[in-house]
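Have a look at the structure below before the remarks.
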Amino acid sequence: MPSAVQDCVFCKIVAGDIPCAKVYENGSVLAFLDIAPAAQGHMLVVPKKHYATLLDLPPDEAEALMEGLRKSGGALRAVCKAEGFNCLQNNFPAAGQVVPHLHWHVIPRFQGDGLLKPWTPVSYADTGVMRNLAEKLTRYMQA
Ligand code: AMP
C-alpha cells in the first residue's frame with residue numbers, strides 16, 4: 001500500500017481503523033461528522049478510494065460523490081432544520097487543505113449565524129484583463 005494511503009486519516013476511517021460518526025455510505029462514498037465542526041451537523045463527504053485532490057478524481061466517481069453531497073445537504077435541512085448549507089472543498093495546502101484525501105465539507109447554515117465567506121473580493125484592473133483571462137482559461141480547458 002502506498003504510504004500516502006497508509007498514513008491517511010480518512011483512509012483509516014474508511015477502513016474502520018479509526019472511529020467516526022458515520023452518517024451515510026454508498027458504494028464509493030462515505031459521509032461522517034467533522035470532529036471540529038463549523039456548526040453542529042457539519043459533515044465530510046469523501047470518496048472511499050484515496051485521491052489527494054479534485055484533480056485526481058476519475059470522472060466516473062463524480063456522480064456518486066454528488067449524490068452524497070445532495071443527500072447530506074438534504075439531511076441537514078430536514079434533521080438539523082438548516083436554512084441553507086455550504087459545500088466547500090479545499091485543494092492543496094495553499095487553499096487550506098489539511099487532510100490530503102479529497103473531501104467536501106457540508107456545513108449547515110442559518111440566517112445571521114455569523115459564519116463568513118473565506119475570501120474578501122478583489123478586482124480586475126479593467127474588463128479587458130478579465131476577458132483576457134477568461135479566454136486563456138477557455139483555451140486551456142478546451143485543449
Ligand atoms: P481540510 O482543512 O479541508 O483538509 O479539512 C479537514 C477536516 O477534517 C477538518 O475540518 C478536520 O476537523 C476534519 N478531521 C480531521 N480528522 C478527523 C477525524 N478523525 N474525524 C472527523 N473529522 C476529522
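Observations on the model:
- Paramagnetic reach from L57 in the stretch 80-95 [backbone N under 19 Å; point 7 Å along Cα→Cβ]: 85-95
- The chymotrypsin sites (Phe, Trp or Tyr not before Pro) found in the stretch 62-143 that occupy coil by DSSP, while having at most 14 further C-beta atoms within 10 Å, are F110, W119, Y124.
- Remark on the chain: C20, C80, C87 stand apart, with no other cysteine beta carbon under 4.7 Å.
- Annotation for the stretch 57-143: trypsin sites (Lys or Arg not before Pro) lying in DSSP loop with at most 12 further Cβ atoms inside 10 Å of their Cβ are K81.
- Under 18 Å from the Cα of K49 - aspartates and glutamates, other chains or at least 8 residues apart: D7, D17, E25, D60, E61, E63, E67
- Cα-centred dipole magnitude for the chain, charges only on beta-carbon of K, R (+1) and D, E (-1), debye, nearest 20: 240 debye
- Near V29: Cβ cut-off under 9 Å, other residues only, Lys/Arg at +1 and Asp/Glu at -1. The net charge is -2.
- Farthest positive-ward along the stretch 1-109 dipole, Cα basis, beta-carbon charges - from C11, Y24, P93: Y24
- What you get for the stretch 1-81, charging only the Cβ of Lys and Arg (+1) and of Asp and Glu (-1), is a dipole of about 380 debye around the Cα centre.
FYI, it's all coordinate maths here, none of it is from the lab. Computed from a predicted model, the values in this text were never measured in an experiment. Glycine also receives a Cβ, built like all others from the backbone with ideal geometry; neighbour counts cover every protein chain displayed.
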